[in-house]
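See structure below.
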Amino acid sequence: QDLKVNGPGFVLCKVRQGFLEQTLASYMSTSQLPLPTSLASVATSATPCVVDFSSPNIAKEMHVGHLRSTIIGESVCRIL
């Protein structure tokens, strides 16, 4: 519904309630979540979308911040 840049590094995304309700209802009826969109299908899409989110460095100590941004990024990819 609305997308705004709010300062450096922040993107505000407002999604219509009806879109989320319809999407969640379809997930509930099939009992399956969709797989993240592959790069091949994004490349052939009319409106490509890039979502950049963290991938923790396994050589370093993990903390809750890594998990949070990974979950948010994966959720945004599944919604799109």
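Every read-out reported here was derived from the displayed coordinates using simple, explicitly stated rules and does not represent laboratory data. All of these numbers come straight from a predicted model, not from anything done at the bench. Glycine also receives a Cβ, built like all others from the backbone with ideal geometry; neighbour counts cover every protein chain displayed.
Some observations on this one:
- Computed from label points 7 Å out along Cα-Cβ, the spacing between L67 and Q1 is 3.1 nm.
- Placed amide H near S54: partners under 5 Å, 5+ positions off or other chain: T70
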